[in-house]
Structures are given as C-alpha cells and as structure tokens.
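Here it is: the structure, laid out below.
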Amino acid sequence: MNIDVSHIARLAHLSFTGEELIIMKEDMTRLVEMVAELPENDIQPGENSVDAMELRKDEVIPSGLSKEEILGNAPETEHGFFVVPKTVE
Amino acid sequence: MKLYQKNAYELCRMLREKKVSSEEICRDVIERINSHESRINSYISVSNDIIAQARAVDKALAEGKAASPLTGIPIAVKDNISTKGMKTTCASKMLEGYIPPYDATVISKLRAAGAVITGKTNMDEFAMGSSTEKSYFGRTCNPHEPLCSAGGSSGGSAAAVACGEATAALGSDTGGSVRQPASFCGVVGLKPTYGSISRYGLIAFASSLEQVGVIGRCTADTAMLYSHVCGSDRRDATSVRRSYPDFLSCISCDIKGVRIGVPEEYFGECVSSDVRKAAESAIDCYRKMGAQIKTISLPLVKYAVNTYYIISSAEASSNLARYDGVRYGYRARNCRSLDEMYFRTRSEGFGSEVKRRIMLGTFVLSAGYYEDYYKKALYSREMIRREMINAFNECDVMITPTYPTAAFRLGEKDSLSMYSGDVFTVSANISGLPAMSVPCGYTEERLPIGMQLMGRPFSELLLFNMGYAFEKFTAGSFMGGALI
C-alpha cells in the first residue's frame with residue numbers, strides 16, 4: 001500500500017522533516033497493514049448497530065468560569081481576546 | 001508496620017478511632033515519596049499542600065464534622081484528570097504549563113469526601129502507550145524491579161500505590177491503561193462499566209472507549225474508592241443515570257455457584273508460561289471455592305486490537321485537533337501566519353507516539369479509506385460487543401490473564417509490538433464492560449502477575465466479590481505491592 005503521508009500530515013496539521021517523513025511512512029505502512037484485518041460484517045442492513053441512548057433534556061450547564069479564568073491559559077491575549085498571527089492582510 | 005504500608009480501609013478505621021491523624025499518615029507518605037521518587041518517578045508533580053490538606057481534615061474530624069471512608073486518605077491522581085489550580089499536563093510538552101480553571105467531577109467528589117490529593121502521576125503522553133516510557137517528563141520504573149516498566153498508560157498511578165507513595169489512585173483506561181499497570185505493579189485496578197464514572201474533566205483521547213479507573217492495593221480499597229467516584233453527572237452526556245450501592249459494605253466472599261467462563265482464545269501461544277500457570281492456578285482456587293468453571297470461545301476477539309487501534313486513533317485525531325496554540329497549551333514562537341502557527345505548534349508540542357496515532361486516525365477517516373477502515377471497525381466493534389454480551393448467557397464472569405507477560409524491561413519493546421500486547425484488555429473497552437485486574441502470582445524473578453475479571457455491564461459488585469474472595473482464599477499472598 002502506498003500511503004500519501006504528506007497529504008495525511010497536511011490534513012492533520014503536522015509537519016515532518018524529510019527524514020521524519022520516511023520513518024512515518026514506514027510506521028504507517030506497517031500499522032495500516034496490521035489493522036487492516038477485520039471481520040466481514042454480518043450485521044444486517046437496518047439492524048441497529050448501537051444501543052439507543054437515553055434521551056436527555058436539552059440543557060446548557062453553565063461552567064461558572066469567569067472570562068479571566070478562561071483566558072488565563074492562553075499563550076497570548078489582549079483586551080480580553082485571544083491573540084493570533086494576522087490572518088487578513 | 002508503617003502507615004504508608006496500610007490499606008485505605010485500615011487507615012479509615014484508625015482515623016475514626018482517633019489512633020492516628022491524617023497528618024501523620026501524610027507525613028509517612030511524603031517521606032516515602034522523598035525517598036523513592038528519584039528511582040521510581042511516579043509523579044509529574046507532588047502537591048505542595050499535602051500537609052495543609054491533612055490538617056484541614058484533622059481539624060474537621062476534631063470538630064466532629066461528618067467523615068466519609070476516604071476522609072484523610074492520601075490519593076494520587078493521573079495527570080490527565082483536571083485539577084483546579086494544579087498543573088495537568090497529560091505528560092505532554094503541549095500542556096506543560098496548563099493549569100485547569102476547574103476540577104473534574106471525580107476530583108470534586110474526592111475533595112467533598114475529604115481525600116488528600118498527593119499529586120499528579122506520570123503517564124504515557126495523552127494516555128497513548130502501555131509502558132509510561134512515552135512521557136515528556138521521563139519514564140516511570142516498576143517498584144518491584146526498576147529496570148522494568150510499570151506498565152501504562154497509568155504507570156505512575158500504579159507505581160505510586162505499589163510503592164506506598166499514595167494509598168490509592170485514580171487512573172484512566174482506554175484500552176487497558178489501568179489494568180495492565182496494575183498487573184505489572186501487583187495492585188488491583190478497575191476499569192468500570194462505560195458511563196458509570198463521569199468523564200467531565202478527563203482530558204479526552206478516545207471518548208467512546210475511555211473511563212476513569214481506580215487503583216488500590218487490595219480489592220476492598222478499590223471498591224471503597226470506586227464507591228466515591230461513580231455516579232451520574234449532568235456534565236457528561238455519556239454518564240448513565242442509575243443508583244450505586246456502597247460497594248465496600250456490600251462486598252462478600254460468597255462466590256459459590258458463580259459461573260466462571262474461561263475464554264480459550266486468551267490462553268493461546270502468546271501467553272508466557274508463568275502467566276498461564278498463575279491464571280490457571282487462580283481458576284483452580286475458584287473451583288475449590290465452589291465456582292463452576294466452563295471453557296468458552298470468543299472467536300472475534302482476534303480482531304479486537306485492530307478494531308481498537310482504528311477507532312481510538314480516529315477519535316484521537318479528532319479530539320487532539322483542539323491543540324492549535326490559540327486558547328491553551330504550547331504555542332510555537334515567532335510564527336508569521338496562522339497556518340504556520342498551527343503546524344509548528346502541533347509538530348513541536350506533540351511527541352512521536354501521539355503524532356503516529358493522529359496520523360493513523362486522520363488516515364482511517366480520510367476520503368477513500370473511511371469505508372475500508374473506520375466504518376468496518378465500527379461494525380467489527382458491534383460484532384465483538386455482541387459476542388461478549390452473548391457469552392454472558394453461559395457465564396457470570398470471565399477470567400483471563402490481564403497481559404500476556406509480566407512487566408517487560410524498559411526499552412525492550414517498540415510501539416508497534418506493544419500494541420499487540422493489549423489483546424486481552426481492549427475488548428472490555430470496545431464493549432463497555434467492567435473489568436478488573438487482581439494480582440494472582442509472581443514470576444520466578446518475583447515480578448507480579450495479574451488476572452483479569454470481566455463481567456456484564458454494571459456487575460462491579462460481582463467483580464469485587466471475586467477479587468475479595470480470592471484474596472481471602474490465598475491469605476493475601478499476592479497483595480501489598482512493593483512496600484518493603
């Protein structure tokens with residue numbers, strides 16, 4: 001199997017050096033080959049594949065956290081906002 | 001006997017009879033931490049207010065305030081469970097400086113019960129691993145033999161309890177991460193029924209598989225801790241609404257007539273001879289106690305590891321997408337664009353195992369492969385679950401080895417060969433069933449061996465009875481961790 005590791009890395013927002021990419025490709029190939037063996041599905045169409053979950057109230061539970069507490073872990077903030085690199089020129 | 005060597009239920013009795021204070025217990029545990037941490041590395045961070053917590057408990061007890069069995073007992077917490085005001089790193093550079101602004105529900109319950117939180121324990125990064133070697137903060141060693149792994153990913157929690165650096169601990173179990181380290185370290189570890197303990201505040205890896213689990217040096221301690229942290233929670237949509245008994249007061253040795261299923265697939269060639277011997281000898285003990293033993297077959301179990309790695313990696317790739325350097329955690333420096341920040345933050349912040357799982361998860365969910373991998377794994381999961389549930393028509397509980405071998409040497413296994421070792425534990429996660437590892441023997445090198453007890457959903461009491469009966473029958477021969 002030829003896995004396009006660069007494409008998968010782009011989707012996952014990860015970057016690798018050339019050498020890392022070669023190792024990742026080897027690992028991924030071995031891993032994907034390992035996990036590929038799965039049973040043939042014998043669950044009939046229309047048969048519910050999971051137990052129905054209990055219905056719940058559509059409720060929003062307040063976190064009770066202040067804006068300061070939520071911003072407290074951010075790498076960079078300004079005037080109560082998260083700061084990120086400029087996105088619009 | 002020193003206080004760090006005592007079980008939680010004994011300490012609880014001593015506290016009630018005012019024979020000891022929580023401060024005395026905690027000082028003993030701190031001394032143990034100070035003398036053993038450089039060798040074992042169970043903790044990522046030790047609480048700096050252990051004595052203050054203990055004194056507050058002692059004061060409340062002196063004032064006659066209501067106490068729970070956990071009041072004043074030192075409990076360690078895996079570092080992927082959120083603790084307000086205390087670093088919660090998931091053993092990752094990505095969350096090295098992260099301080100949660102809230103407590104996980106299990107932590108709120110521990111605090112309400114008056115437990116003393118000793119610190120945050122080491123683990124494989126984001127709970128991805130079976131050896132606690134994949135931690136950004138160094139590996140944890142097995143207290144029985146420091147050249148061996150403590151197991152993982154809750155290796156720090158299991159090692160701390162085995163070593164007397166805490167009396168009991170919380171871990172998390174996505175594919176065996178409480179049971180396997182419990183087995184390696186000679187302690188009891190429970191992965192309860194999916195939905196029985198709130199996951200609110202447990203940092204997500206694979207949400208449909210993981211549960212907070214409990215670790216103790218004996219079954220009674222494990223039952224006691226579980227009684228305090230289980231229960232429904234409005235903050236966790238997967239939490240099941242039902243009532244739970246006080247497991248410690250219900251526990252009993254009477255297992256006469258219990259039907260024990262022994263799945264033949266769990267005793268194949270991959271099992272080492274000493275593990276097989278210990279598990280078979282435990283089954284023999286149960287026979288002598290009046291249980292009925294029956295060989296059963298679970299032919300689909302051979303697909304469990306593959307199914308698990310596809311589903312858990314897919315969920316991980318989604319759950320870990322939140323680490324983008326914007327709201328919390330690590331951010332790469334001097335980035336000129338948002339895209340550069342995302343890519344560099346994630347590439348610099350995650351370790352190699354986490355990246356490998358994100359890559360696998362992204363692949364199995366990507367266009368062209370989703371049907372062949374992820375969707376097929378979901379069907380496989382359902383087939384395995386049905387097979388497991390149906391097997392309980394023939395038996396009440398299953399016994400298997402927890403892991404094919406005792407603790408392996410540090411550095412001995414690569415990631416991929418470690419994956420296949422999870423073969424006995426992942427089925428309980430795939431099926432949402434409760435499963436507990438109980439020490440049942442030693443290898444010739446005196447390394448602990450664990451057996452796994454698996455039951456129907458919400459049959460934790462039966463598992464506790466089974467563990468408790470075995471401990472009594474064998475006069476606690478395999479209990480006590482590595483306390484000398």
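Just so you know, all these numbers are worked out from the coordinates, no wet-lab data involved. Just so you know, these numbers come straight off a predicted model, no measurement behind them. Cβ placement follows ideal geometry from the backbone for every residue including glycine, while neighbour counts extend to all protein chains displayed.
Lys/Arg Cβ at +1, Asp/Glu Cβ at -1, dipole of segment B:250-348 taken about the Cα centre: which of B:319, B:283, B:300 is farthest positive-ward?
Highest projection toward the positive end goes to B:319.
What does DSSP give for the protein assembly as shown in terms of the percent of beta bridges that are antiparallel, rounded to the nearest 5?
Percent antiparallel among DSSP bridges in the protein assembly as shown is about 70.
Using only the alpha carbons of segment B:149-281, determine the length spanned along each of the three principal axes and report them from longest to shortest in whole angstroms.
That works out to 46, 37, 31 Å along the principal axes.
Moving on to the next point. Per residue and in Å³, how big is the convex hull formed by the alpha-carbon atoms of chain B?
In chain B, the Cα hull volume divided by residue count equals 137 Å³.
Continuing with this model, one more query. Pairs of alpha-carbon atoms within less than 8 angstrom and 6+ residues apart define the contacts here; what relative contact order does chain B have, in percent?
18
Another one. Kindly provide the pair-distance distribution of the protein assembly as shown built from C-alpha pairs, with 20 Å bins from 0 and whole-percent values in order of increasing distance.
Taking every Cα pair in the protein assembly as shown, the percentages come to 22, 56, 21, 1.
If you average the alpha carbon positions of segment B:288-358 and of segment B:140-189, how far apart do those two centres end up, in angstrom?
21
Using a cut-off of 11 Å between beta-carbons, work out the net charge of the residues near residue B:293 (Lys and Arg +1, Asp and Glu -1, residue B:293 not included).
Summing Lys and Arg as +1 and Asp and Glu as -1 gives +2.
Can you pull a Stokes-Einstein diffusion coefficient for chain A at 20 °C (1.002 mPa s), Rh from Kirkwood over Cα pairs, as a whole number of µm²/s?
Using the Kirkwood radius from Cα pairs, D works out to 110 µm²/s.
For segment A:1-44, take every pair of Cα atoms, bin their distances at 10 Å starting from 0, and report each bin as a whole percent.
So the P(r) values, bin by bin, are 24, 43, 19, 11, 2.
Can you work out the Karplus-derived ³J(HN,Hα) for every residue in segment B:429-437? Use 6.51 cos²θ - 1.76 cosθ + 1.60 with θ = phi - 60°, whole Hz, and x for glycine or proline.
Along segment B:429-437, the couplings run 6, 4, 9, x, 8, x, 8, 9, 9 Hz.
Roughly what % antiparallel, to the nearest 5, for the DSSP beta bridges in chain B?
If I count the DSSP bridges inside chain B, around 70 percent turn out antiparallel.
Go ahead and collect, in residue order, the members of segment B:380-401 whose backbone nitrogen is under 15 Å from a label point 7 Å along the Cα-Cβ direction of residue B:259.
Those under the cut-off are B:388-399.
Over all alpha-carbon pairs of segment B:294-334, lay out the pair-distance distribution in 10 Å bins, whole %, shortest bin first.
All Cα pairs, binned at 10 Å, distribute as 22, 27, 21, 15, 9, 4, 0 percent.
Here is a follow-up. Within chain A, what's the longest stretch lacking trypsin sites (Lys or Arg not before Pro) that sit in DSSP loops with no more than 16 other Cβ atoms inside 10 Å?
A:1-55
I've got another one for you. Kindly provide the trypsin sites (Lys or Arg not before Pro) of segment B:1-89 that DSSP labels as loop, not H, G, I, E or B, and whose Cβ sees at most 13 other Cβ atoms within 10 Å.
B:2, B:18, B:19, B:65
Name the residue farthest towards the positive end of the dipole of segment B:358-484 from the options B:423, B:378, B:437, assuming +1 on Cβ of Lys and Arg, -1 on Cβ of Asp and Glu, about the Cα centre.
B:378
Ok, one more. With the dipole of chain A worked out from charges on the C-beta (+1 for Lys and Arg, -1 for Asp and Glu) around the Cα centre, which of A:65, A:43, A:7 lies farthest toward the positive end?
Result: A:65.
Please give the charge dipole size of segment B:158-295, origin at the Cα centre, charges +1 on K and R Cβ atoms and -1 on D and E Cβ atoms. Round to the nearest 20 debye.
I would put it at about 380 debye.
Next up: Quick one: dipole size for chain B, taken about the Cα centre, charges +1 on Lys/Arg Cβ and -1 on Asp/Glu Cβ, in debye to the nearest 20.
In total the dipole reaches around 900 debye.
For residue A:19 and residue B:340, FRET efficiency with R0 = 22 Å and r from the beta-carbon atoms, rounded to 0.05?
With a Förster radius of 22 Å, E is 0.60.
Still on this structure, please answer the following. Dividing the alpha-carbon radius of gyration of segment B:127-212 by 2.2 N^0.38 Å (N being the number of residues), what value is obtained?
Normalised by 2.2 N^0.38 Å, the Cα Rg of segment B:127-212 equals 1.02.
Nearest 20 debye, what's the magnitude of the dipole of the protein assembly as shown about its Cα centre given +1 on Lys and Arg Cβ and -1 on Asp and Glu Cβ?
That gives a dipole near 1360 debye.
Please enumerate, by chain and number, the aspartates and glutamates with C-alpha under 20 Å from the C-alpha of residue A:86, excluding those fewer than 8 residues away in the same chain.
Output for residue A:86: A:76, A:78, B:324, B:339, B:340.
Relative contact order of segment B:181-234: what whole-number percent is it, with Cα pairs under 8 angstrom and at least 6 residues apart?
Reported relative contact order: 43 percent.
What does the charge add up to near residue A:64, with Lys and Arg as +1, Asp and Glu as -1, over the other residues with Cβ less than 14 Å from its Cβ?
With Lys, Arg at +1 and Asp, Glu at -1, the neighbours total +1.
Treating the Cα atoms of segment B:77-180 as identical point scatterers in vacuum, please give the log10 of the normalised Debye intensity I(q)/I(0) at q = 0.12, 0.16, 0.21 Å⁻¹, two decimals.
-0.35, -0.63, -1.05
Can you list the lysines whose alpha carbon is less than 20 Å from that of residue B:6, not counting same-chain residues fewer than 8 positions off?
Correct list for residue B:6: B:18, B:19, B:472.
Still on this structure: Let me check against my output: what whole-number percent is the relative contact order of segment B:294-401, with C-alpha pairs under 8 Å and at least 6 apart?
Relative contact order, segment B:294-401: 40 percent.
Give the separation of the Cα centroids, segment B:213-276 to segment B:34-49, in Å.
28
Straight-line reach from residue B:413: which lysines have a Cα under 22 Å away, not including same-chain ones fewer than 8 places off?
The reachable lysines, counting only those whose Cα sits under 22 Å from residue B:413, are A:25, B:134, B:302, B:355.
Using helices alone, what [θ] at 222 nm do you get for the protein assembly as shown, with -39,500 (n - 2.57) per DSSP H run of 4 or more residues, divided over all residues and rounded to the nearest 500?
When only DSSP H runs of four or more count, the value is -11000 deg cm²/dmol.
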